[in-house]
Every structure is written in structure tokens, then in C-alpha cells.
Amino acid sequence: MGLLILLTSTLLYSYFHPGRVVDAQRLFILKDITLTIEPSKDVKRGTNVSLRCKATVSQSETWELRREYTVYKDNNLIYNKTSISEEILYPLGEARVANSGKYRCEINIDDKPQRPSETQKLTVTGLSKPQLRLNKGVVKEGEEITATCIAPGEMGSFFFYIYEDSNEIKEKQVSSNQAEFKLRFSSVNRRRIHCTYTVLITPYSVKSEESNNVTVSVKELPITIDLDIDPVTRVYEGDQLNILCKVNGLQHSDESVRLLLIQGIQILSSGLTNVSHSMVAQANYAEEFECKFEMGNVVKTATKTISVIELFSAPTLTVSPDEVFQRDDVTLTCKSESYASERLSEDELTYTLDPPQTPQTPSRKGVFSVKSLRIETNYTCVAEAMRIKKRSKTLTVRPKIFVSTPKISVVGRAILGQPVKILCQSDIGSLPINYTLFKDFVEVSTISINRSSQQAHFEVNITSPEDIKQYICEASNNHRHNKQPLSEKLNAIVIVPPSYAELMAVPDESGIYEGDDLYLLCRADGTPPVTFKWYHVGNNLPLYTNTSNDYSSSYQVPSVSKEHNGRYYCEAFNHVNKVVRSEEVTIEVQMVLWKKALIGGFCLLAVSVLVVVCVLCFRSKRVVMDSGAAVSVWTKRPPEEDVAIDEESSMVTKEPDVEYTEVVHPRPVDPARVPLRKGTDTVYSELQNSPHGPADYHDYHGSVEYAELNGEQPEVNHYHPEVNNFQDLPMPVD
Ligand SMILES: *[C@@H]1O[C@H](CO)[C@@H](O)[C@H](O)[C@H]1NC(C)=O
Ligand SMILES: *[C@@H]1O[C@H](CO)[C@@H](O)[C@H](O)[C@H]1NC(C)=O
């Protein structure tokens, strides 16, 4: 970099000095540049301050370098000098606050800019005391004077301020060290004036001390205002008032003038130097009159207050009676409470009603009667005397409507043992309405209804269902009638919860047989409708639910069988939702009589067969011994017979119940059941035949007994499971 500068300098030098011999050795470099503020960076006003800028340059040979110095204050160029010396001195002279700021110096060597010096900050303290001058010391009201405020020896940018008795009244921004102000004073007084200034230095301003005080005397203008009001005492409402306002001693002036007559906030009249006004005195207006004269910014006023005596007061309108019902006759009275008897006799006062009504009697002034008032009406009245009219405030007469006969009812359901809500309500009637509940003509309580959204709800406790009929209620919205409308007696059903439930089986538990229709009768008390539910113990879902208007209900189980065995109970409840449960009833379905008999018969048969078998056994042993051919009786059976018997026995075992019922109650042929039926028939035919013995078997060895054995065998097998099944049920005791 340094090399580049050297090279460039050399080249440029040879360019600007073409006459010279280019010498590659003539090089320079800026070693250092400094700015110093002398004598110090912080000085008092008036100190001779200089800025010294020094640049140290190294060069290869001794020759004159052209140096151009530049000094900046707050980035603005303030001084520029070309010199061949190593340093320059720039005198600021006697320092002022405005010299405060940041200074910097720069140098161009042989027209080549070099790096600048570091910035130095100069702070000058102390401002000169301002001087105030006025062109006049004594002025008249509104007269203009010139005030000049000077900041001696200061420079820079200024703000000047003028104060009247320490209150700032004006300000001005200027760039010279003095400012002129035009002042006017509108009120008579002596006042002290002074000024101050501030000098702006970036980024703030410095405030001077206060100037000398100058006293200004303001003298009154020789002007007076006269305000005359006639009459001024004992003014009555309706009197004519003449008002005159006048300006005295006014000399010719350049200023514009104006005269105003004002009452309260109302301007009654205006002019230049004379104003007159006439009016009728009224009691309800402001009583202060003001006459105001303006000249430039000089204002002069005169005021006067009169009191206006009221001739008569505004009337008031009243109604009697206080409580008015539709079609009542009412009296309206219009009256002024007071009047000025010294000016007015009572006879002079007249009253009229709006809307108009005939006076009740001519002798009673201001009393009006209204016949059979029907609708809400707004009335006002006017009192008049000596052409003065006064109106009353509006009176709204709103005739009330008598309350109608109330209706008494129960809200929701009346349930014994729970609080019962009773509503008493009239369809029409003006509010407020008082509802009173009576029990057996003894007052229970009263509810006052003030809003149409409210209802009279009474809460009572009922101890027996008949209690409810003792309640009646009364509605009342007026005090003028002794007899208030009374409701009927409260007619409502009191719901009594069931206290018990009872379950009964028909036929009774001891005599229920297979195939019977069973009726489970549930009975309960409580107010109908009652809901009954029947349950089979072990099953949480009810078998049947029925709501009845009676105290009992029944559930039919048609054609019972053993699967209906078990314990049953029922439940009952009504609107109260209190559930009562019956005792449990046990149902045992018994076998029909003929089946018992049949079983008995088979048992006998089995025993007799056993006996026969034993006898045969005994005999056959002997035959074997005799013949030597040991042929078993059992093996002699034809194989088909075995198959048939097996089939039968298995089928029968599978469907034992069906067989019994089918035998007892023949039904239309079910095609699906045909094979079973066949088997059953076979069984029975064999059963029936067996005692006699089939003729076919005669061919067999062992004759009748043998055949019987074959025939009996399946039957015995067949009935064993059945007997076992029945052992599950308790056998009826015969
Ligand atoms: C400042 O310098 C001026 C001129 O050189 C001289 O007249 C003046 O007295 C000096 N002021 C002070 C305070 O030295
Ligand atoms: C009576 O005056 C009131 C208030 O000024 C108004 O709201 C109402 O409607 C008037 N009633 C009748 C019946 O004119």
C-alpha cells in the first residue's frame, strides 16, 4: 500500500513538474497529523482560543511539499489554508458559547488527501447578561410599546423570551444577537418586564441569566361605561324594563370599537357607543345585565343586577284519589302555591286544564272532575294572570285494572311427603298484586307481584291426600274494596307412592302342573297409574312390564314347563318413582298324574322282568349242563333288532320330554319329526305288545320269555334316564 502511494506520488510529481528531472527517489509519507485546542479544551467565555493543526511528513529528499490545511467544526468547513509549513494556527479569537463543538483538521499533500486528525471537543462556558430596552415607560391601556432584548457580544442562533412579572408572554427565534417585541397591556397596572435568551449549540441549548427589569406603568383610558335599567327596584314579572348603555370620554382612536348588552349568555343588543333595549321582566331569566365595551384588546364592562319578583308561582297539578281504577271518577286540582298579593288578587288568576275539562263547580277555581276515566291520559294545566301564562308539569293519570278472580293450581305434581308448589294467578289486573294463600281459611302467606315476569308460587307440605283441597287463594291490587276475588278450592290429585307390592301365583304354588297356564298376579297400592314389573330371580331384566290404572296387574305364563321353575317377584312404582318390591314366590312345575302312574307301572314291569330273567338264567344253566352246547340267550338275538333298539334308545334319550307330551296331546304331524315319531310309536307299540308277546317269536328257542326279553330290554334302558331326570325335581309326596 505504502509502496503504491510512493509510486503514485512520484508519477504525479513528474507529471506536474515536467520541467524537472524525474527522480525516482523523491518520496514522502504522512507520519502523523494532530489538532490541538489552545489554551485548553474547556474554557470560559472571552478566552483567546486557537486551533493548531500539525502534520509530520517524512520525505526522501528536502524539497517543498504543497500542503493544504482544512479545519472542520461539527463537520462544517470553517477554515482553509495552503502553506508549506509543518503546522498552521487558526485563532478563534475571544471564545463564545457558540464556538463550542467538535473540531477536526485535514490535510492534502501535493493535492493528495491524507487521513484526518482526531476530533477535539471545545466547550465554552458563560453567556453575557441580556439587556432589555423599552421605548416607553408609561403607556395608556392598549397602547403599543417596543421592547428590545440584546445578547451583548454573543453570536450563533438564538431564542429570545419576554416575561411579564415572571410569566413568559412572548418568544422569538433569530440568528442575530438581538430581538424586538411589540407589547400591549390592556389593564391598568404597573408591571416589571425582563428578558432572557438561549444559544443553540448542537445538540442542546444554553440559557442565559435574566436581563435587567424594566417597569411599565399602564394608565387607564379616560373612558367610562354607563348602564341604566329602569325600573331597577321592585321589579315584578311582566313589568317593562328599559335598558340603556353608553360609552363616555371616547376620543378618536384607530382601533375598532364595539359595545354589547348581554344578559347571562344571551346578547340582547349591540352597537358602537350607544345601546338601548326594552323587554318584559321574567322571573325565570338571569337577572344580571352586562354592558361590554371593546377597543382593540381593551375591554371595559359595567354590570347591574335586578331581582324580578314572581307574580305567581308555576301551578302544580294533583289528582285525587291517589289510587285510580278504570271507570273511576277523579278530581284534578290546578293551583299556584304563591302569588304577589300587592300586585295581584287571587280572582285575577285563572286556570285551564289540558285536555280541557269542565270545572267541577264555578266556585272552586282550578278544580276539575273527570268522569269514568278509561285510559292513561297526560294532563297539564295553565295558570294565567296579567297576560302571563305558566304551565304545570305533566301529570300522567294511569287508571289501574281490577284484579280478576285468581286461579289456583299445582305446579308439576303434588306428591305426598314432598313439598308441593302452588301457583295463584289472575289473568288480568294492574300490578302490584298481592296473592294470599289460605289453608282452611287460615292465612298461610302472601306474595307481592311487582313485575309481569313474576309469579306467585307458594310451597306447602301435604300430610294427607285430602289436605290439598283445603287451599284457596286471594288476589288483591286495591285498598278500596273489602272483598277481594277468591279462587276456587285447589283441586289436584296428590300422588301417593306405593307402600307394598305382593305377588301371587294362580294356580297357587302347590298345584302347578306341566302345561298349565300360570298367572302371576302383582298387587300394590299407591296412586294409579302404577307400573308393574315381573322378574325371574337370576335375571336382571324384567320378564314383563305393564302400567295399569288399577291396583293390580297380571302376567300370564302359558303352558308352563320345568324351565319355568324358580323364584319370582314383582316391583311396582308410580309417578313418585319410589319402587316397592314384593316377596319372592317359588314356582315348581309338577309332572302330570298319568305320567307318575306310567312310571309306577314301568317300575313294576321292570321288577317282574328281572324276576323272569332270573328264572330264565337259572333254567338255561341247567340246559347248558344238559346239552353241552353253551349258547347264550343274548347272542341269539337277531342283529337287526339290536340296531333298532340302539336307535330307539338313543333317540328317546335325546328327546325325552317331547315324547311324553306328544303321547298325551297328539298334535298335527310335523314332517321334521317323522322319524322320531316313528321311533316313539315303535316304543309304545312294543310297550303295549310286550305283555302279550309277539307271535313271531314263537319260532325261537326259549319261546315267549325270550321274545319278551328282547322286547323289554330297550324299554328298561329307555326309562332309566327318564327316571333319573325326574329325580332332579322334588317328587310330590303321595
Ligand atoms: C486576545 O487577543 C486580542 C488580539 O490579539 C487581544 O487584543 C486581547 O487582549 C486578547 N484577550 C485576552 C483575554 O488575552
Ligand atoms: C304521556 O307522556 C309521556 C311522557 O311525556 C309519554 O311517554 C306517554 O306516551 C304519554 N301518554 C299518553 C297517553 O299520551
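Taking a ≥ b ≥ c as the square roots of the Cα gyration tensor eigenvalues, with a/c under 1.5 meaning rounded and otherwise prolate when a/b beats b/c, else oblate, which class fits region 281-432? The shape class here is oblate.
The lysines within cross-link reach of K121, meaning a Cα-to-Cα straight distance under 24 Å and a gap of 8 or more places when in the same chain, are K31, K41, K44, K54, K73, K81, K102, K207. Accessible surface for region 173-221, divided over its residues, is 56 Å² per residue with a 1.4 Å probe. For region 251-379, the per residue solvent-accessible surface stands at 58 Å², with DNA, RNA and ligands left out and a 1.4 Å probe.
Protein chains only, probe 1.4 Å: how do S50, S341 rank by accessible area, largest first?
So the residues, ranked largest to smallest area, are S341, S50.
Taking the Cα centre of region 441-586 as origin and assigning +1 to Lys and Arg Cβ atoms and -1 to Asp and Glu Cβ atoms, the resulting dipole is close to 920 debye.
Viscosity 1.002 mPa s, temperature 20 °C: Stokes-Einstein D of region 128-256 from its Kirkwood Cα radius, in µm² per second? Don't skip to the answer; put the middle values down first.
Details: Rh = 17.8 Å.
Answer, rounded: 120 µm²/s.
Mind giving me the FRET efficiency for V444 and S217? R0 is 56 Å, r the Cβ-Cβ distance, nearest 0.05 is fine. The computed FRET efficiency comes out at 0.05. Candidate cross-link partners of K300 among the lysines, defined by an alpha-carbon separation under 21 Å and a same-chain spacing of 8 or more, comprise K140, K219, K246, K292. Remark: spin-label model distance T358-L200 equals 9.1 nm, labels positioned 7 Å along the Cα→Cβ axis. Here's the picture: charge each Lys and Arg Cβ at +1 and each Asp and Glu Cβ at -1 in region 443-512, and of T463, S448, P507 the one pushed furthest to the positive end of that dipole is S448. Calculate how large, on average over all directions, the projected area of the Cα convex hull of region 297-374 is; give the answer in nm² to one decimal. Spelled out: convex hull of the Cα atoms, projected over all directions, averaged, 9.8 nm².
Surface composition of region 313-423: carbon and sulfur make up 50 percent of the accessible area, probe 1.4 Å. Bridgeable lysines around K595 (alpha carbons under 24 Å apart, same-chain partners fewer than 8 residues away excluded): K562, K654, K678. Sequentially through region 436-453, phi angles give Karplus couplings (6.51, -1.76, 1.60; θ = phi - 60°) of 10, 9, 10, 10, 6, 6, 9, 5, 9, 6, 10, 10, 9, 9, 10, 10, 5, 7 Hz, Gly and Pro residues having no value and appearing as x.
The values are calculated or read from the model by the stated rules, or taken from the named source; none is laboratory data. Keep in mind that this is a model prediction, so the values were computed, not measured. Reconstructed Cβ throughout: ideal geometry from the backbone, glycine too, with neighbour counts over all protein chains shown. For accessibility, only protein heavy atoms count, side chains too; no ligands or nucleic acids. Shrake-Rupley method; radii C 1.70, N 1.55, O 1.52, S 1.80 Å.
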